[in-house]
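J.: Take a look at the following structure, please.
The values are calculated or read from the model by the stated rules, or taken from the named source; none is laboratory data. Bear in mind the structure is a predicted one, so any value in this text is a computation, not a measurement. Note that we place each Cβ from the backbone using ideal geometry, even for glycine, and neighbour counts take in every protein chain shown. Heads up: the accessible areas ignore ligands, DNA and RNA and are worked out on the full protein's heavy atoms, side chains in. Shrake-Rupley method; radii C 1.70, N 1.55, O 1.52, S 1.80 Å.
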Amino acid sequence: MNLPTQQASIAWTFHPYNSTLELAFFGTFISPSGWVGCGINPTSPEMTGTRALIAFPDPNSGQIVLLPYILDPTVKLQKSPLLSRPLDLHLLSSTATMYGGKLATVHNGAAIQIYASIKLKPNKTKIHLVWNRGLYVQGYSPTIHPTTSSDLSSIATFDVLSGSSASQHRDLTGLRVIHGTLNAISWGLLLPMGAISARYLRHIQALGTTWFYAHAGIQLFAFTLGTAGFALGIRLGQLSPGVEYGLHRKLGIAVFCLGALQTLALFFRPNARNKFRKYWKSYHHFVGYSCVVLGFVNVFQGFQVMGASRSYAKLCYCLGLSTLIGICIALEVNSWVVFCRKSKEEKLRREGLIGVSDKGSSAIHH
């Protein structure tokens, strides 16, 4: 059976009369000092709780060693190094073999086979297989594996008697792309565009109140798209049991909540003469800019968890973001030039060097 990630595969023979499973896992190294492992989670399709066999070069001899490990919650939280200990499964035998025999060396892309003979519980033929690979080993302690979408999805549930796979391991690439696109456009581009329109267009007297409708319209459209992207992210989490992106998820919730607060604030906006207007403006500015900054951070975090840190999609987003930053710098410089010019005119007017009738011409009276 070809497994859904890392170009890994398995082969097995199940002996029903004594519930013995002979399993061969085929994987590849991603580093000369890395590790490759696979295991069975007896309770659920997730990494925590997996009873694993991990192969890596012995730091002393360089020969491939295969050691047993139990992936308890402290491993996931990285509170302590992963140490080898006996498994509480009925493991009859296990070996690890490099392709190429005894002369084979571990290098990036080197293939390895991990064999195990396990006695399963009677009438229990459904297993949760977990596998992964890492960049290096500290002593005899494998370090954390990469955390891309592919690496966090290295789980398969299947029946060793019938060979049927569980249906939850569907291809979610399309949904992830839509989720990322909606959020990058809404939180990462449209939201700052709305902030730019409010900051720089409101001072153009010829526009009147048009700037406000442009600002509100862009922000509402951005929040609508962002809500759709957020909902899709929640759905992706439900369709990916055992896969968690802690920081990305927390930032996404924070950005959505701040966006919702900004939208609600629109309906409680005091009029210009209300004494609470200044407090509302301070709140509106703080929440708005916080939402924009966290939106930027989470978009880049999303590229990272999708394994698209060097993709054309990220390049296109960076070009769009750079354009917005360039526009902001140009408008900010223009605003300061106008401000300094008006301040100078006001100073000359107070000193009587400019007449009131020459307010816009800066003519000097002799």
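J.: Just to be sure I understand the filter: pairs with C-beta atoms under 6 Å, separated by 6 or more residues or on different chains, first member in segment 105-122 and farther than 12 Å from Trp35 by Cα, second member hydroxyl-bearing (Ser, Thr, Tyr) and at pLDDT 90 or above. Which pairs pass?
T.: Taking only residues 6 or more apart or on different chains, the pairs are Tyr115/Thr95; Ala116/Ser94; Ser117/Ser93; Lys119/Thr20.
J.: Which residue pairs have Cβ atoms closer than 6 Å, lie 6 or more positions apart in sequence or on different chains, and pair a first residue in segment 263-277 that is farther than 25 Å from Phe223 by Cα with a second residue that is not in a helix (DSSP H, G or I)?
T.: Phe276/Pro270
J.: Give me the pairs: first residue in segment 327-342 and within 27 Å of Leu189 (Cα to Cα) and in contact (Cβ under 8 Å) with a residue 12 or more places away in the chain, second residue of a type outside the set (Phe, Trp, Tyr) and in a helix (DSSP H, G or I), beta-carbon distance under 8 Å, and six or more apart or on different chains, which are they?
T.: Listed pairs, sorted by first residue: Ile327/Ile196; Cys328/Ile196; Leu331/Ile196; Leu331/Arg199.
J.: Then there's this: Only one of these conditions is not met by Ser309: (1) in a loop (DSSP other than H, G, I, E, B); (2) in contact with a helix residue (DSSP H, G or I) (Cβ under 8 Å, 6 or more places away or on another chain); (3) more than 30 Å from Asn132 (Cβ to Cβ); (4) open to solvent by 40 Å² or more (accessible area, probe 1.4 Å). Which number is it?
T.: Checking Ser309 against (1) in a loop (DSSP other than H, G, I, E, B); (2) in contact with a helix residue (DSSP H, G or I) (Cβ under 8 Å, 6 or more places away or on another chain); (3) more than 30 Å from Asn132 (Cβ to Cβ); (4) open to solvent by 40 Å² or more (accessible area, probe 1.4 Å), the one that fails is (3).
J.: With segment 16-90 as the region, which strands (runs of 3 or more DSSP E) entirely inside it contain at least 2 residues that are surrounded by fewer than 19 Cβ atoms within 10 Å (Cβ to Cβ) and polar (S, T, N, Q)?
T.: Numbers: elements: 20-28, 35-41, 51-57, 64-70.
Output list reads 20-28.
J.: Further question: Mind listing whichever residues of segment 261-294 are assigned to a helix (DSSP H, G or I) and charged (D, E, K, R)?
T.: Result: Arg277, Lys278, Lys281.
J.: Is it fair to say Ser44 is polar (S, T, N, Q) and closer than 25 Å to Val106 by Cα?
T.: Answer is no for this residue.
J.: Right, something else. Can you tell me which residues in segment 29-52 are among the hydroxyl-bearing types (Ser, Thr, Tyr) and modelled with pLDDT of 90 or more?
T.: Result: Thr50, single match.
J.: Mind checking whether some residue in segment 272-289 is open to solvent by 70 Å² or more (accessible area, probe 1.4 Å) and within 17 Å of Leu190 (Cα to Cα)? Can you show your working first?
T.: Filtering segment 272-289 down to residues open to solvent by 70 Å² or more (accessible area, probe 1.4 Å) leaves 272-273, 275-276, 278-279, 281-283, 285-286, 289.
Next, only the ones that are within 17 Å of Leu190 (Cα to Cα) stay: 285, 289.
Yes - at least one qualifying residue is present in segment 272-289.
J.: For residues in segment 147-156 being at pLDDT 85 or above and either open to solvent by 30 Å² or more (accessible area, probe 1.4 Å) or not in a loop (DSSP other than H, G, I, E, B) (or both), which is farthest from Gln301 (Cα to Cα)?
T.: Looking at residues that are at pLDDT 85 or above and either open to solvent by 30 Å² or more (accessible area, probe 1.4 Å) or not in a loop (DSSP other than H, G, I, E, B) (or both), I get Ala156.
J.: Another one. With Ile144, Ile127, Ile114 as the choices, which residue is more than 30 Å from His15 (Cα to Cα) and either assigned to a strand (DSSP E or B) or at pLDDT 85 or above (or both)?
T.: Just a single option satisfies the conditions, and that option is Ile144.
J.: Provide a single number: the residues in segment 168-208 that are open to solvent by 70 Å² or more (accessible area, probe 1.4 Å) and closer than 30 Å to Phe158 by Cα.
T.: Of the residues in segment 168-208, 5 are open to solvent by 70 Å² or more (accessible area, probe 1.4 Å) and closer than 30 Å to Phe158 by Cα.
J.: Going by the conditions given, is Ile218 β-branched (Val, Ile, Thr), in a helix (DSSP H, G or I) and out of contact with any helix residue (DSSP H, G or I) (no Cβ under 8 Å at 6 or more places or on another chain)?
T.: It is false that Ile218 is β-branched (Val, Ile, Thr), in a helix (DSSP H, G or I) and out of contact with any helix residue (DSSP H, G or I) (no Cβ under 8 Å at 6 or more places or on another chain).
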